[in-house]
Amino acid sequence: MDSFWEFFWFVVWTFVLFAYLMVLFQIVIDLFRDHALSGWAKAAWIIGLIFLPFLVALIYVIARGPRMSERQLAAAQAAKSNTDAYIRDVAGSKSAAAHIADAKALLDSGAITEAEFQTLKAKALA
């Protein structure tokens, strides 16, 4: 690149390319996320994106844009609730009785002493 303006336009077109690719990937993700759309309609959108990419992407964003954001929000909320449920499950959704039973099994197997069992029992009941 010999001049500042060549570099400037290279940066601008690179930005445009990456922005277009981000929109394209969001459209494809949204197509597969939409369960109300039939398989043939999804195939038609994909074929359109292959042969007339800029025009079809623009039409898709205008025609289906508001529902795109709703589906993305629903997917994010579902992922958050799944993550929260997993954390609750792993972090200690066991009851005190379950913890005491686990400690009793360790005591019976000889892995812990009576004093350690009493400590674990006190923690579970606290």
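Overview of values
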{"quantity": "Test: residue in region 97-117 that is of a type in the set (S, T, N, Q) and outside the structural domain of LEU21 (by TED's automatic domain parsing)", "calculated": "yes"}
{"quantity": "Residue that is modelled with the lowest pLDDT, among those in region 92-115 that are closer than 15 Å to ALA126 by Cα and part of a loop (DSSP other than H, G, I, E, B)", "calculated": "SER93"}
{"quantity": "Within region 33-42, considering residues that are part of a helix (DSSP H, G or I) and either over 24 Å from the mean Cα position of the chain (by Cα) or acidic (Asp, Glu) (or both), the one nearest to ARG71 (Cα to Cα)", "calculated": "ALA41"}
{"quantity": "Residue identified as exposed (fewer than 13 other Cβ atoms within 10 Å of the Cβ), free of Cβ contacts under 8 Å to residues at least 24 places away in the same chain, farther than 30 Å from LEU125 by Cα and among the charged types (D, E, K, R) among LYS42, LYS80", "calculated": "LYS80"}
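The values are calculated or read from the model by the stated rules, or taken from the named source; none is laboratory data. Being a predicted model, the structure only gives us computed values, none of them experimental. With ideal geometry, Cβ positions are generated from the backbone for all residues, glycine too; neighbour counts draw on all protein chains shown.
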